[in-house]
Amino acid sequence: MRLSQSFIPTMRQDPGEAEVTSHRLMLRAGMIRKVAAGIYSYLPLGLRVIRKIEAIIREEMNRAGAQELLLPILSPAELWKETGRWDFYGKELIRLHDRHERDFCLGPTHEEVVTDLFRREVSSYRQLPLTLYQIQTKFRDEIRPRFGLMRGREFIMKDAYSFDQDEASAQHNYQQMHDAYCRIFSRTGLQFRPVEADTGLIGGISSHEFMVLANTGEELIVFDPDSAYAANVERAEVVPPPTQTPEKLNPLEKVSTPNAKSVEDLSTLLKVDANRVVKTLLYQTGENEITAVLIRGDHQANEIKIQRFLGIHDLTLASPDAVERITNAPVGFVGPVGLSPVRLLADHAIGALSDFIVGGNETDVHLINVNSPRDFAVDDWGDFRQAQAGDLSPNSDSRLQTARGIEVGHVFMLGTKYSEKMGATFLDAEGQSQPAIMGCYGIGVSRTAAAAVEQNHDEKGICWPMPIAPFQAQILPVTNSDAVRQTSEKLYHELGKENIEVLLDDRNERGGVKFNDADMIGTPYHIIIGDKSLANNTIEVKDRKTGEKIHLPPDQVIGWIKEAVTRKLKIEA
Ligand code: 9G3
């Protein structure tokens, strides 16, 4: 492609709206433009990257035996009402009426639609296993769309759905998809890690997230540096500490702690470590039901785990006046001693403590030398805290580390959740009607492009991995002399004949402008043609990622570029 005839509106300066690198660089490289909050146009350069990621996904999905179809974007409410999700999802589900006033939504995902297709068309175990996938625009009305393509309201997703006759076959299919995902992300040249996303459920791991490690990632994961274990901290299980029985317990004591509302204030005032302080969190767990959860001072409560333990959907901290009403003290002085009739949950870490500190249920008062069960009774012990760096790994004696990640893929075992609700059954070999065992598998295609930029850039712009680069090489004629122009044109045609995807910057611009744009756009190889180097019968080739420059005789450039591009495509594949 010739730059003089291309629609690649690069930007000289940083756009104000961008908060993360990928958003900033994709705008500046002329890849995307915002139409509305969380809604973007993919310009020609951006679309080339999207199409390459899609091509890799298609190859691996087809290789794994999945079949591509395309489901409608408009999804009838009736299907969503069958599964109860029409009411479960709030404003995030974009709803609309057609001309006959019938209810529809713009598909955020397609479990209902694909299960409806299955139940109409599949009736025998002989037709299983069946895995269907699509690559399509999805709609989710995020409250806070941000970070460009990273968290859009309209985005491109590959979503696949598998139907199996039994658990064993479903597990095999799940593993096939998991392995296909590993190949997909390796081939895009991304550093990624599969992460257990919902551990601890009966029957083993029921879902994995595929995380691209990047500091701007919204997800926090813990991982074992010495094993394959990695988990989203939202669900990572914590190994309970060994309980020690102390020889003797000190007598309970009241201490005056004026204004010491936080763990930090308290540990400073009483000169004790945060791990000897116990927080008592009061949660609204029902209409007028309050539940207390004890968490060690240096740990964070994990509300997903508490919700799952209590079997409720939305957990909220009790309001300040609810706290006052129950404890006669403001937030910050709540404690378990004498706190009835509130149900009391305690994280396992409390069981290993003795002579610890808690709120005194009185303004400016705390209790020291507190012990359980002597001073208060715990109703339920459990894993209620967030895993964190330094915790013991669940499957080695190493210590866990944390990293931030961008979730680019997610594979789920669905079981019969949808097939039972929608009567998606088949007749098994014995002629018995069985619900299909399902799995679903998503990849954020547009988010993967953004994640690739997060992981592959420097201060001058993007450094595309070859497999998803919008172009593989860029020719930069530095002057308008005949020699430079003729050499550039010749190279452009010859590279094109060799099927190298090349961008020729034939604009009437200064060299500096061309170099800046080429660095911003991030094509892997830059072929710089200037009069001086031509006079020495050389052409300069620059590796965008490493900055390395080599000088080649003009007649060796084609061969060198072909070999280098082929090699780079292989490394990442
Ligand atoms: C909705 C809305 C938002 C949603 C969903 C439904 C997330 C929803 C989970 C999934 C599960 C898998 C197939 C591809 C891989 C992920 N956000 N999820 O179901 F109505 Cl508004 O989408 N689906």
Discussion item. At 7 Å along Cα-to-Cβ for each site, give me the label-to-label distance between ASP166 and ARG33 in nm.
Written reply: 5.8
Practice prompt. Using Cα positions and a limit of under 18 Å, work out the lysines in reach of LYS158, with same-chain residues fewer than 8 apart set aside.
Written response: LYS52, LYS138
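Which order, highest average first, do 418-429, 104-115 follow once you tally other Cβ atoms within 10 Å for each residue and take the mean per peptide? Could the numbers behind the result be given before it?
On the way: 418-429: 17.0, 104-115: 21.5.
Put in order of decreasing packing, that is 104-115, 418-429.
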Worksheet, complete the sentence: Once normalised by the length of the chain, the mean sequence separation of its alpha carbon contacts under 8 Å that are 6 or more apart gives a contact order in percent of 17
Fill in: ALA535 paired with GLN13, simple spin-label distance in nm, labels 7 Å along Cα-to-beta-carbon
3.8
Item to complete: Compare the peptides 512-521, 10-19, 207-216 by average per-residue count of other Cβ atoms within 10 angstrom and give them in order, highest first.
Response: 207-216, 512-521, 10-19
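Averaged per residue, what accessible surface does the chain expose to a 1.4 Å probe, in Å²? Before the final figure, lay out the partial values.
Details: 26140 Å² over 573 residues.
That works out to 46 Å² for each residue.
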Worksheet, complete the sentence: dims of the chain, Cα set, principal axes, largest to smallest, nearest Å -> 94, 68, 50
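Given a cut-off of under 8 Å on Cα pairs at least six residues apart, what relative contact order in percent is computed for the stretch 471-572?
Working: 147 pairs, mean separation 29.7, N = 102.
Averaging sequence separation for qualifying contacts and normalising by length gives 29 percent for the stretch 471-572.
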Worksheet entry | lysines with Cα under 20 Å of LYS261, excluding same-chain neighbours fewer than 8 positions away | LYS271, LYS279
Discussion item. If packing is taken as the average number of other Cβ atoms within 10 Å across a peptide's residues, how do 440-451, 556-567 rank, most packed first?
Written reply: 440-451, 556-567
Worksheet, complete the sentence: Taking a crude spin-label model, label points 7 Å out from Cα along the C-beta direction, the LYS421 to THR566 distance in nm is 5.2
Item to complete: Take the alpha carbon atoms of the stretch 419-451, find their center, do the same for the stretch 48-95, and report the distance between the two centers in whole angstrom.
Response: 12
Item to complete: For the chain, give the percent of accessible area contributed by carbon and sulfur heavy atoms, probe 1.4 Å, rounded to a whole number.
Response: 50
Worksheet item: Measuring from centroid to centroid over Cα atoms, what is the spacing of the stretch 456-534 and the stretch 336-357 in Å?
Response: 66
Fill in: Charge-dipole axis of the chain as Lys and Arg at +1 and Asp and Glu at -1 on Cβ define it, positive-most pick from VAL114, TYR229, TYR418
VAL114
Worksheet item: Cα centroids of the stretch 123-192 and the stretch 391-415: how far apart, whole angstrom?
Response: 19
Response to the item:
Under 20 Å between C-alpha atoms, the lysine pairs in the stretch 423-565 lying 8 or more places apart or on different chains count 18
Fill in: Charged-residue dipole, Cβ positions (Lys, Arg, Asp, Glu), the chain about Cα centre, Debye nearest 20
1880
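The values are calculated or read from the model by the stated rules, or taken from the named source; none is laboratory data. Everything quoted here is computed from the prediction, not taken from an experiment. Glycine also receives a Cβ, built like all others from the backbone with ideal geometry; neighbour counts cover every protein chain displayed. Note: areas computed on protein heavy atoms with side chains; ligands, DNA, RNA excluded. Shrake-Rupley method; radii C 1.70, N 1.55, O 1.52, S 1.80 Å.
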